[in-house]
Amino acid sequence: MFLIPAVLVLLPFLLEAMVTIGFTRPTVRRHWLFYVLTPVVSVLVYLSWAALLGHPYIALGFWFLVYGGFTIVSNVKNKVLGEPLNAPDLETVRHLFIYPEFYVAYVGGGRLMLVVATFLIGLAAGLVFETSFASQQSLLPAPVAWVLGLMVWILFLWFLAHATASFLTQDSARKRGMQFDTNTDTARFGLFPLMPLYAVLLMDKAENPALQQQRPALKAPEVKPDLIAIQAESYFDIDRLYRKLDGHHNHVWQPLATLRDKGVAAGTLEVPAWGASTMQSEFAFLTATRNEDLGIDCINPYQRAAHSGLETLATRLKAQGYRTLCIHPAKKEFFRRNTVIPKLGFDDFIGLEAFEDAERFGLYVSDKALGDVIEQTIADHKAKNDQPLFVFVISIESHGPWQPGRLEGWIDEAEAQAADPTKDRSFALYRQHMDHLLDLFDRLGPGAKDTLDRPRAMAFYGDHLPAFHELFSANGIDGKAVDYLLWSSEAPLKGEDGKRVENLGDDMLTAAGFREAPSSGE
């Protein structure tokens, strides 16, 4: 009789103790709400399953599935990316059906099959052997009682969520010590209490001043240059790692050295993401907005913030007469870019449909094929009019994971591993993609200089570091900094370290000869 209440109240605390948080756990104390909300959330989860499934022990089994499954998946995510699960992650469950290989490789296909099998077996067994709640009353037919009970419970949860949202806003959450940093907040409030807390905060309709700012209008150079910005999947200067290895302190990554000799600026770039969460860096670049200013939307800006009608690099350039294009050789639905990209000011979004027969290198469309489509798109545009172009490119060839066997049909993997200073098979495969990314930059930038009919400027940056935590940690690579490249057809540029991704768009405009127009009062 007391088994279910005891499990619901006590076991969540044990599971919370098993949750790993960050590569290094934040040294913060538990908030008093952790001790209140941990059993409360547990009971609400159980009652939700009970209302839906109508059987007490089936509901308990599914409670175990949720709590045990979330603990395992959160720890897997934390091992790879250095942060546990959070509520905005649940919105991305749909990505399992768009690009399952991005996730299944880390969680494990066997684990997923075991979860599904347990789900089905438990449901079938409970329905056969257990008496439902609805059958234990005589006032109404069991199906009617079940439907009414479920409707009442859904209404209760709706009222509970909205009542909580009426006083739990982002401002009040900050006053209670919430930082909108998944690691710190999980350490303070707990994995399971933080899920509904973050979910309620996503209901906050208060306008964020950071998304309402209007920049001064741009003043273009006399001849408006074409602009190309490339968000390079998982790019960083690999010499930053190689030069930390014994015997390789003077290593030179020749493709990058050659680009520097051609007047390309290069250096480190601070981005908000690590190992994943591309949309954080992407949003910061396109909107010139610091991720830390987004509040709850810092985790997934494409869930809400991107729909706010804010000013972007694309909208500023459209006001200068530019045609704005986004090219990404992947499924448009990923990160909901099919709806987000137009709202960020792009006239056209070219996705995987333009790459049906394109060359692959490994799992995804090659950077060479991406370059082909970029060049053809630019040529098609110029054949029709002389409007300047802004092309924002999102590469995919180098997307992880970089498991052995990934490039078996293209290179000798063992030979690549032996030649790589790290002697790490996965990093050796990753390095092949980095060479291709620099080839793409050179092809569209310095390599195309003599064929251009108007000036051109380019920006190029990594969205996040690749998920090689153990390799990086063992060799003193810490932080989130990636690397960038800047180039102008009109003059050589000098690089500097420590740039920020939200300022890189302005750096590209400056290199292209743009200035901010004086205000009307000046």
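Bear in mind these aren't lab numbers, they're just calculated from the coordinates by the rules spelled out. All figures in this text were calculated on a predicted structure; none of them were measured in a lab. Neighbour counts are summed over all protein chains in view; Cβ atoms, including those assigned to glycine, are modelled from backbone coordinates with ideal geometry.
Among the chymotrypsin sites (Phe, Trp or Tyr not before Pro) in the range 34-94, none is located in a DSSP loop while being surrounded by at most 14 other Cβ atoms within 10 Å of its own Cβ.
Length gained on full extension, Val116 to Asp439, computed as 0.36 nm times the residue gap minus the Cα-Cα distance: 111.9 nm. Loop-located GluC sites (Glu not before Pro) in the range 380-448 (DSSP state not H, G, I, E or B) with no more than 14 neighbouring Cβ atoms inside 10 Å: Glu408. Placing unit charges on the Cβ atoms of the charged side chains and taking the dipole of the chain about its Cα centre, the candidate lying farthest along the positive direction among Gly267, Asn300, Asn503 is Asn300. Of the GluC sites (Glu not before Pro) in the range 192-301, the ones in a loop by DSSP (not H, G, I, E or B) with at most 14 other beta carbons within 10 Å are Glu207, Glu222. Take the alpha carbon gyration tensor of the range 229-515, find the square roots of its eigenvalues, order them as a ≥ b ≥ c, and report rounded if a/c is under 1.5; if not, report prolate when a/b exceeds b/c, else oblate. Here the range 229-515 falls in the rounded category. With θ taken as phi - 60° and the Karplus curve 6.51 cos²θ - 1.76 cosθ + 1.60 applied, the whole-hertz 3J(HN,Hα) list for the range 435-448 is 4, 5, 5, 5, 4, 4, 4, 4, 4, 8, x, x, x, 9 Hz, x standing for glycine and proline.
Tell me whether the range 3-201 comes out rounded, prolate or oblate; compute the Cα gyration tensor, take square roots of the eigenvalues as a ≥ b ≥ c, and use a/c under 1.5 as the rounded threshold. The shape class here is oblate. A Cβ-based charge dipole, computed about the Cα centre of the range 229-515 with Lys and Arg at +1 and Asp and Glu at -1, lands at about 740 debye.
Based on the Cβ-Cβ distance from Phe129 to Gln403, what FRET efficiency comes out when R0 is 45 Å, to the nearest 0.05? It comes to 0.60.
Note on Leu11/Asp261: beta-carbon distance plugged into 1/(1 + (r/R0)^6) with R0 of 60 Å gives a FRET efficiency of 0.45.
For the residue pairs Lys77/Lys423; Lys77/Lys343; Lys224/Lys332; Lys449/Lys499, the C-alpha atoms sit more than 28 angstrom apart in Lys77/Lys343; Lys224/Lys332.
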